[in-house]
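**Q** Sharing a structure here in C-alpha cells format.
The values are calculated or read from the model by the stated rules, or taken from the named source; none is laboratory data. From a predicted model like this one, the values you see are computed outputs, not experimental measurements. Backbone-built Cβ (ideal geometry, glycine too); neighbour counts: all protein chains shown. Please note that ligands, DNA and RNA were not included when accessible areas were found on the heavy atoms of the full protein model with its side chains. Shrake-Rupley method; radii C 1.70, N 1.55, O 1.52, S 1.80 Å.
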Amino acid sequence: MAKLHNYYVLCPLIDQNSFLGVSEDRDDENVIVTLGRNVVNKYRLSDQKQIGGWTSKEHITSTVIFDKEQDAYVGVFNRNTIKIWKEDSDNLDKTKKYKFSVNIFKLIPRENRSSLIIFDKGNCASLPYGLDNRKTYESKQLIKDSESIIDIACFSIETTDYICYVVKNTKNNYEILTCPIREELGDMEKSKLNKIKVSRPEDVYVVGELISIDDNYCVYFLWNDGKMTVYDLLKTSWKTIGTVPWISTMSNVSISWMGQDHLILFGSNTDQDGAIIVAYNVILGVGSCRYPMKMYSENAKLYCFNGHIILEASNHIGMLPYVLETNRNLSSLLGSHEIVEDTCVEIADWDTPVEPMFNIIDEVKDLLKVGLTERDMCAQVIPTLVEKGDYNQLLRVLKEFDDVPETVLVLLLNYAIKLVNPENIDLTNRENFVKYCKCEDGSKKSKIILKSKFKVLDYLLEVTFSDAMLIPHLRNDLSLDNALFLMSYISYVLVDSDKSFNASYESKLFDWCILLMDAFYQQYLLTKDDKISIVLNYTQKVVENLIDQLFQVDTILPLLHKILSGKQSENNDESLSYAIELIEI
C-alpha cells in the first residue's frame, strides 16, 4: 500500500509554458529543476531549500541532466547546442558550446554509461560520440513528420542497451518503438527496429502513458474507459491490469512510477471540479490511496524521486512525500477496484495432484480439505489452542497464518496479557515496570519462562490488521486496564528495551498506540484515575522525545551533506561574538 503525506511547494513556477522538467542530481536527496528557458535551480527535497542554480542568456530547450561519467551538468540550448559545466560554474554564457548540424530533442542519463542524445528525427547517439561528430552528424529520419515523440526511456538487458519510444501521430494513434543501441556509438541498430501498434478492439483512445524501466520493463497505457493495460517489453505481450478508480479519464492523465508495484496518477477528479492524485497497485489492479487537489493542470509533468512526488502545478512546482508499505492488510483496499475481463485465455492443467504441494501443519489439514479460507481456519484453530493453554504451541501455529481475524487478535491480546500476569504490576512505577519487562527479577528459570511468554505479546503486535475492523472489537472485548498495560509496554519497547526491530515493526507499534487512543478515548476522559494520567503523560513524553530526535536529525543533515560532499563549512563572521571598548581621547 501507499501512504501520501502533506503537500509542499518546492518552488514557484516562472512560466508554465516554458517549464522543461525535473531530473535527478548527483545525490539522491537533490533534484535539478529546469524552471524555464533561462533558469536552472537545484533543490534539496528534505527541506525544500535551493542549494544552487544557474542562469543563461541563451534559451534552454531541454531538461538539464547530471552526467555521472563526466561528473558534470549537461544542457541543450537553442535546440542545436550542448553545454557542459561543473557545479561551481557561475556563468553559463562563458561555457564552451558544442553546436550540432541537427536539432536535439532531449538528453537521457544512463546509470553506468554516458548519457544519450536524442535527436528530433528519432535517432540517438552517446554524448561523447555525438560531441566528436556534431558537425558531420547526419541521419535518416526515423519519425515521420506526422508523428511526435511522447515518451522515451533507455533500459538494459544483460549487456545490451535498448531505446524505447512511444510515438503518437496526428490521428491520435500510438506506436511503441524498441531498438538495441550499439555500445560505443550509442546509435540505433535500425535493422533490429521493432514497432508495436497500440490498439484495442473497442472504440477507445489513450489518455495517459508511461514507459517504466525501474522495477520492470513495461509500457503502461490508460484508456478513456478507465482500463489500464500494460505491454511487457521482455515478453512482448499485452495484459489488462484493471480499472483505475477515483480519477476522470475524460481528460489527459499524467503517470509516473512510484516503486514496489505502484503507479502514481494525476488528473481531474470524477466530478470535474478539481484534481486528484491516485496511487495505483499494478499487481492487484486496485487504487491504494488518493490525495485531492484544487487545481487541475492538463499534461502536467509528474515525477517520483527518492520517496517524493514532484508535480507541475499552475503556478508552482509541488512536492508530496510518500511511503510504500508492502505488509499492510488488504482489507483497506476493498471497494477500490472493479472486476475486469481480460482477453487472454489461460489453459488449465487438470492433472494437478489432490494433495497440496506445500507443507501444512496438522491442525489445519482437515479444514484445508473442506476448502475453508485461511481466515476461517484461524478462527477455528486458535481459540481451541488458547483453551489448552500451551503458549509455545499456540505461537508456533499462529505464525503459520498471515490473515488473522480481528476477533481472534483481541482474544489473543487478552490471553497474552494474562499470560505475563500484569495484575501484580504497578504501571505508575516506571522503574519497576521496566525491570519486570526486562525479566530481571526472580530465578534464572523464571526469567527464561517470562521471556518466552513475552514473545507471544511481541509477535501479536506484529500481526497485520484492518484499523476500522479492529477498533470495535478493542472497545468491546479489551478492558481499560489491559489497554493501559499495552500502552505502557509499547512505550517500553520503543525507548527502554534493547530489542532490535525493523522500521516496519516500529511503524506498527505507532499504529497500535493510535488505535488504543481511538478505541478508549472516552474512557480516558471520563475515568478519573491517576494511573490513566500517568500512563498517558509518559506516552506523551515518549512521543515528544522521538519528535525532538527527528528535529535534531533534520538540523544535522545539512552538515552531514557538506561533509560527504567534501565542502568546508564557512564561518559567518556576523554571528561571532564581539566586544566594543570605549576609549576616551
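**Q** What is the calculated FRET efficiency for residue 418 to residue 235, with r their C-beta to C-beta distance and R₀ = 56 Å, to the nearest 0.05?
**A** 0.55
**Q** Also: Under a crude label model (7 Å from the Cα following the beta-carbon direction), how far is residue 51 from residue 323 in nanometres?
**A** In this crude label model, residue 51 to residue 323 measures out at 2.3 nm.
**Q** Once you have a ≥ b ≥ c as the square roots of the Cα gyration tensor eigenvalues for the range 11-52, tell me rounded if a/c is under 1.5, and otherwise prolate or oblate according to whether a/b is larger than b/c.
**A** Because a/c hits 1.5 or more and a/b exceeds b/c, the range 11-52 counts as prolate.
**Q** A further question on this structure: Label-point separation (nm) for residue 399 and residue 69, each offset 7 Å from Cα along Cα-to-Cβ?
**A** 5.0 nm
**Q** Continuing with this model, one more query. Could you check how much of the accessible area of the range 155-221 is carbon and sulfur, as a whole percent, using a 1.4 Å probe?
**A** Carbon and sulfur: 41 percent of the exposed surface of the range 155-221.
**Q** Further question on the same structure: Among 305-313, 455-463, how do they line up from the highest to the lowest mean number of other beta-carbon atoms within 10 Å?
**A** Taking the mean over residues of other Cβ atoms within 10 Å, the ranking is 305-313, 455-463.
**Q** Continuing with the same structure: Would you give the gap between the C-alpha center of the range 259-313 and the C-alpha center of the range 166-182, rounded to a whole Å?
**A** 25 Å
**Q** Grab the Cα-Cα distance for residue 452 and residue 112, subtract it from 0.36 nm times how many residues apart they are, and report the gain in nm with one decimal.
**A** Stretched fully, the residue 452-residue 112 segment lengthens by 117.4 nm.
**Q** Then there's this: Using a 1.4 Å probe on the protein heavy atoms, what percent of the accessible area of the range 423-562 belongs to carbon and sulfur?
**A** Its accessible area is 53 percent carbon and sulfur atoms.
**Q** How large is the accessible surface per residue of the range 473-522, computed with a 1.4 Å probe and reported in Å² as a whole number?
**A** 43 Å²
**Q** Within straight cross-link reach of residue 190, meaning Cα distance under 19 Å, which lysines are found once same-chain residues fewer than 8 apart are removed?
**A** The reachable lysines, counting only those whose Cα sits under 19 Å from residue 190, are 121, 140, 144.
**Q** How are the alpha carbon pair distances in the chain distributed across 10 Å bins from zero to the largest one, expressed in percent?
**A** Taking every Cα pair in the chain, the percentages come to 3, 13, 20, 20, 17, 14, 9, 3, 1, 0, 0, 0.
**Q** Further question on the same structure: Largest first, please: the extent of the C-alpha atoms of the range 1-102 along each principal axis, to the nearest Å.
**A** 48, 31, 27
**Q** Next up: Taking 7 Å along the Cα-to-C-beta vector as the label spot, tell me the residue 552-residue 59 distance in nanometres, rounded to one decimal.
**A** 5.4 nm
**Q** Can I ask one more? Compute the FRET efficiency between residue 373 and residue 504 as 1/(1 + (r/R0)^6), taking r as their Cβ-Cβ distance and R0 = 30 Å, and round to the nearest 0.05.
**A** After rounding, the FRET efficiency stands at 0.75.
**Q** Within the set of other residues whose C-beta is less than 11 Å from the C-beta of residue 179, count the net charge using Lys and Arg as +1 and Asp and Glu as -1.
**A** Value of the local net charge: +1.
**Q** Run lengths n ≥ 4 of DSSP H only: what is the helix-derived mean residue ellipticity at 222 nm for the chain, with -39500 (n - 2.57) per run over all residues, to the nearest 500?
**A** Value at 222 nm, helices only: -8500 deg cm²/dmol.
**Q** Further question: Classify the range 176-220: rounded, prolate or oblate, from the alpha-carbon gyration tensor (a ≥ b ≥ c, eigenvalue square roots; a/c under 1.5 rounded; otherwise prolate if a/b is larger than b/c)?
**A** Judged from the Cα gyration tensor, the range 176-220 comes out oblate (a/c at least 1.5, b/c at or above a/b).
**Q** Could you give the length gained on full extension between residue 545 and residue 27, defined as 0.36 nm per residue of separation minus the Cα-Cα distance, in nm?
**A** This chain segment gains 183.5 nm when fully extended.
**Q** Also, quick follow-up: Enter the Cα centre distance for the pair the range 71-137 and the range 471-538, rounded to the nearest angstrom.
**A** 58 Å
**Q** Under 14 Å from the Cβ of residue 250, count the other residues' Cβ atoms, weight Lys and Arg +1, Asp and Glu -1, and hand me the total.
**A** -4
**Q** Also, I was wondering about something else. How much of the calculated P(r) for the range 119-164 lies past 13 Å, in percent of all Cα pairs?
**A** So the portion of pairs separated by more than 13 Å is 66 percent.
**Q** Then there is this: Of the trypsin sites (Lys or Arg not before Pro) in the range 212-291, which ones lie in a loop per DSSP and count no more than 10 other C-beta atoms within 10 Å?
**A** For trypsin sites (Lys or Arg not before Pro) across the range 212-291 that sit outside H, G, I, E and B with at most 10 neighbouring Cβ atoms in 10 Å, the list reads 235.
**Q** Turning to a different aspect of this structure: What pairs in 168/294; 435/499; 42/168; 68/562; 57/99 have C-alpha atoms more than 21 Å from each other?
**A** 168/294; 42/168
**Q** Between residue 530 and residue 11, what is the FRET efficiency for a Förster distance of 56 Å, r being their Cβ-Cβ separation, to the nearest 0.05?
**A** With a Förster radius of 56 Å, E is 0.60.
**Q** Between rounded, prolate and oblate, where does the range 358-489 land on the alpha carbon gyration tensor, with a ≥ b ≥ c its root eigenvalues, rounded for a/c under 1.5, else prolate if a/b exceeds b/c?
**A** oblate
**Q** List, largest first, the extents of the alpha carbons of the range 136-268 along their principal axes, each in whole Å.
**A** 50, 35, 25
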